Amino acid sequence: MQTQQSSHSLNQHTLYFAGGCLWGVQEFMRYLPGVVTTEAGRANGKSNTTQGEYDGYAECVKVTFDAQEVTLNELIGYFFEIIDPYSINKQGDDVGEKYRTAIFSQDSNHLNIAREYISQRDDAKKIAVQVAPLTNYVPSDPEHQDRLTNHPDDYCHIPIDLLHKYK
């Protein structure tokens, strides 16, 4: 059992998707094929806490997925279903730098795949999605984890039929 678990974890990869308010991004991503875990958080801010002034972070969702069940390109394709890839610092009613769209990773291969995915699109020149190395990650406070699962009537910029398309 232990050996099987070890080999299985070799196929698990982690990316950080910023797509506006993290509540909706987490709710959508959690139901995708191949997604193992999700966690709401903040990427690339300057501090290691959720307390205090805004420090440049992007609201994001840490997504761990099984590469045998879903490719990185497929995962990025799903992500593009729920974002306006042309919008800068705005998704739905959420406006500000913390709502920018981005794909972050600590693995340069992931970033190369994401850049290639974007460059292959017909609309590549209009896309405003940042692709960058993850330099800092802070998990969100407990009340923001699985927020729309626990409070389904809270605001979400993603239409409900799209939000639960893969549920």
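The values are calculated or read from the model by the stated rules, or taken from the named source; none is laboratory data. For clarity, every value in this text was computed on a predicted model and none was experimentally measured. For neighbour counting, all protein chains shown are included, and Cβ atoms are generated from backbone atoms with ideal geometry for every residue, glycine included. Note: areas computed on protein heavy atoms with side chains; ligands, DNA, RNA excluded. Shrake-Rupley method; radii C 1.70, N 1.55, O 1.52, S 1.80 Å.
Within region 108-127, being surrounded by fewer than 16 Cβ atoms within 10 Å (Cβ to Cβ) and either in a strand (DSSP E or B) or in contact with a strand residue (DSSP E or B) (Cβ under 7 Å, 6 or more places away or on another chain) (or both) holds for one residue alone: Arg115. Annotation note: of Asn89, Asn150, the sole residue that is over 14 Å from the mean Cα position of the chain (by Cα), open to solvent by 40 Å² or more (accessible area, probe 1.4 Å) and on the phi > 0 side of the Ramachandran plot is Asn89. Each residue in region 39-58 was checked for being closer than 17 Å to Leu148 by Cα and without any contact (Cβ under 8 Å) to a residue 60 or more places away in the chain, and 0 of them qualify.
For region 61-78, taking the residues that are out of contact with any Ser or Thr (no Cβ under 6 Å at 6 or more places or on another chain) and surrounded by fewer than 17 Cβ atoms within 10 Å (Cβ to Cβ), the one that is nearest to Gly20 (Cα to Cα) is identified as Gly77. So, Glu81, is that one closer than 20 Å to Val129 by Cα, touching a helix residue (DSSP H, G or I) at 6+ places or on another chain (Cβ under 7 Å) and surrounded by fewer than 16 Cβ atoms within 10 Å (Cβ to Cβ) or not? The answer is yes for Glu81.
Just the residues that are under 13 Å from the mean Cα position of the chain (by Cα) and either open to solvent by 20 Å² or more (accessible area, probe 1.4 Å) or among the acidic types (Asp, Glu) (or both), please, taken from region 45-60. Answer for region 45-60, where residues must be under 13 Å from the mean Cα position of the chain (by Cα) and either open to solvent by 20 Å² or more (accessible area, probe 1.4 Å) or among the acidic types (Asp, Glu) (or both): just Glu59.
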